[in-house]
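The values are calculated or read from the model by the stated rules, or taken from the named source; none is laboratory data. Bear in mind that the values here come from a model prediction, so they are computed numbers and not experimental data. Here the Cβ positions follow ideal geometry from the backbone for every residue, glycine too, while neighbour counts run over all protein chains shown.
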Amino acid sequence: MPLNGSGQQNFNFAIARVRLQGAAGSAPANNVRVFFRLFVAESCDTDFQPSTTYKSQQGTSGPDAGKPVFPQASGTGFTDPAGYSIQTLPFFATDANGTHDYDGTVANANIRTISIPAGRDKVWTYFGCFLDVYDSSNQSLFGGTHHCIVAEIAYDDAPIQNSGGVTESPSNSDKLAQRNLQITSSGNPHYPETHIVPQAFDLRPSPPINSQAGQLLNYPDELMVDWGNVPVGSVASIYWPDVPAQDVLDLASKVYGAHLLTASDAHTLKCKTTRGVTYIPIPPASGKNFAGLFTVDLPNTVTVGQEFNITVRRISSRGHSQLQAAAGRQNAFVAGAKQKNVMRNWRYVTGTFQVKVPVGSDEALLGPEENTLAILKWRLQHMSPAYRWYPVLKRYAGYVAGRVDGFGGDSDSVKPGLGGARPGDEGDPAQRKLACAYEYAEASKNRRHYSNLRFALLALFLAVMGCLAAVAFGIIAPVAAGTVFWARVVGLLFTVIFFAFEILYDRCLCHFGREATAIEELLGCRRVRSRECECPRGIFYVTWAMYIIVIVFWLISIYLAV
């Protein structure tokens with residue numbers, strides 16, 4: 001959320017920790033850059049695609065020539081109103097446009113020279129960016145509420161390269177790191193709306209399918225959904241507005257001997273969860289990415305405190321050509337030997353994202369879900385219906401509205417707003433009263449807290465003074481004159497310290513008492529005012545007088561002991 005419960009601004013950051021390992025005093029790594037890219041939704045397409053999701057400006061001179069020097073967005077709405085090319089956005093440290101992130105003029109920006117100090121064999125360096133996700137121009141591009149972020153190390157002497165049929169990704173490259181976790185809670189006990197768990201995700205289509213059988217190239221790419229500990233029999237669905245559901249079913253029937261996929265409407269696939277995995281073929285297409293909504297309907301048997309984890313992987317085919325001699329390894333390079341092309345292909349994971357579903361109480365989840373609904377409504381108002389995420393977002397907002405109602409709220413009263421439901425609904429009396437009730441409860445809790453602290457402080461003070469007086473005046477046993485003197489000095493110091501804490505706690509009590517009284521006027525109640533405990537200065541003055549008397553007492557006793 002952009003604002004916390006007190007209306008203060010929240011800020012989102014990403015930090016990347018880069019390790020350089022080698023011998024102490026070895027040549028430094030010059031001009032190490034780190035690029036931060038945010039995917040517009042969760043995605044398992046985080047493999048290195050330099051022409052799309054990892055697009056960068058290339059250097060033109062010196063060591064940077066032909067190497068990535070500045071991250072770029074994968075596309076813009078100016079040339080692509082439907083947003084098929086808008087898949088990743090770069091974020092920076094110095095300003096929204098990264099004006100000085102990579103020019104070396106700003107200390108601690110995202111270009112550094114890293115050296116290993118003497119006596120060490122490695123060194124850690126930190127890079128970061130401000131995730132300005134609540135900027136309106138960014139919010140109008142997002143389809144979901146969680147996003148994959150990838151940090152890329154761009155270093156001239158060790159560039160990221162796809163070669164030999166191997167595509168680099170965060171899973172096999174030490175220069176790419178991702179955070180790709182979706183967290184969506186399920187409610188309890190209301191059912192079924194609160195048990196619908198939706199999340200948006202982005203997916204590129206399969207490449208053109210080769211008709212040559214037996215080479216694994218006649219297989220489309222697939223989603224492999226590992227259901228983890230999700231209750232068996234839960235209902236899962238995928239909504240792809242750009243994909244006819246029947247095309248996916250036809251492809252599944254062609255590829256698999258049997259499958260459990262069905263169509264609930266023209267663009268929605270449905271299946272029941274199992275104890276293992278479910279494979280879903282990804283149809284081929286060109287010039288577009290598939291905006292999707294992945295939903296799981298949990299049964300009414302789940303309880304608060306449970307947590308379910310789903311892992312979604314993309315499976316693709318990898319091909320690698322080699323010339324081999326038919327005569328065997330020893331004669332492989334003998335001139336004139338008969339040779340043939342042997343295609344060795346295999347299936348591999350290109351990327352992964354995880355969905356975590358903690359189960360919470362309806363009361364605890366209502367406020368955050370109202371905030372999500374307010375933001376989704378705002379996006380729908382500012383998003384073109386031609387944009388590929390618009391139908392996904394419309395269905396997503398419908399699910400969230402049902403969850404709000406199921407949690408005990410009123411989805412119709414939630415107004416659109418990037419600040420969430422509370423700041424966005426300032427004109428709604430019911431919402432304003434709800435926000436005031438929350439603030440009143442916080443103020444009352446703080447008053448009780450400081451009141452208890454004040455009582456504990458007074459009890460501790462009396463105990464400490466009793467012990468010091470026993471020593472300072474020889475009540476327990478005769479003591480040396482020096483000990484008597486210092487015991488009285490310590491008694492004076494402790495009294496002054498306790499008195500300072502007393503004044504601090506009294507001020508806090510008055511502050512929260514006045515705050516509670518002010519909110520009572522808005523709520524129409526008189527609990528604090530009627531008890532006349534807003535700021536009980538009479539009690540405070542009595543306590544202060546006690547501390548002053550004890551301070552004077554210790555001063556006189558020290559004077560007599562000199």
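Results, tabulated for the structure shown:
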item: Within the stretch 6-93, strands (runs of 3 or more DSSP E) holding 2 or more residues that are in the same structural domain as residue 157 (by TED's automatic domain parsing), in contact with a Leu (Cβ under 6 Å, 6 or more places away or on another chain) and surrounded by 12 or more Cβ atoms within 10 Å (Cβ to Cβ); result: 29-39, 88-91
item: Of the criteria (1) under 14 Å from residue 312 (Cα atoms); (2) in contact with an Asp or Glu (Cβ under 9 Å, 6 or more places away or on another chain); (3) surrounded by 13 or more Cβ atoms within 10 Å (Cβ to Cβ), which one residue 205 fails; result: (1)
item: Filter result for the condition that a residue is at pLDDT below 55 and either surrounded by 14 or more Cβ atoms within 10 Å (Cβ to Cβ) or in contact with a Pro (Cβ under 8 Å, 6 or more places away or on another chain) (or both), over 325, 386, 337, 332; result: 325
item: Residue match in the stretch 538-557 (condition: modelled with pLDDT under 85 and closer than 21 Å to residue 440 by Cα); result: no
item: Among (1) at pLDDT below 90; (2) in a helix (DSSP H, G or I) - the single one residue 476 does not satisfy; result: (2)
item: Members of the stretch 249-266 that are closer than 21 Å to residue 399 by Cβ and in contact with a Pro (Cβ under 7 Å, 6 or more places away or on another chain); result: 266
item: Near pairs, Cβ below 6 angstrom, 6+ apart or cross-chain, from the stretch 408-426 (more than 17 Å from residue 365 (Cα to Cα) and modelled with pLDDT under 80) to any residue that is part of a helix (DSSP H, G or I) and not small (Gly, Ala, Ser); result: 425/431
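Yes/no per residue for (1) touching a residue at least 60 places away in the same chain (Cβ under 8 Å); (2) touching an Asp or Glu at 6+ places or on another chain (Cβ under 7 Å):
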residue: 28; (1), (2): yes, no
residue: 48; (1), (2): yes, yes
residue: 64; (1), (2): yes, yes
residue: 80; (1), (2): no, no
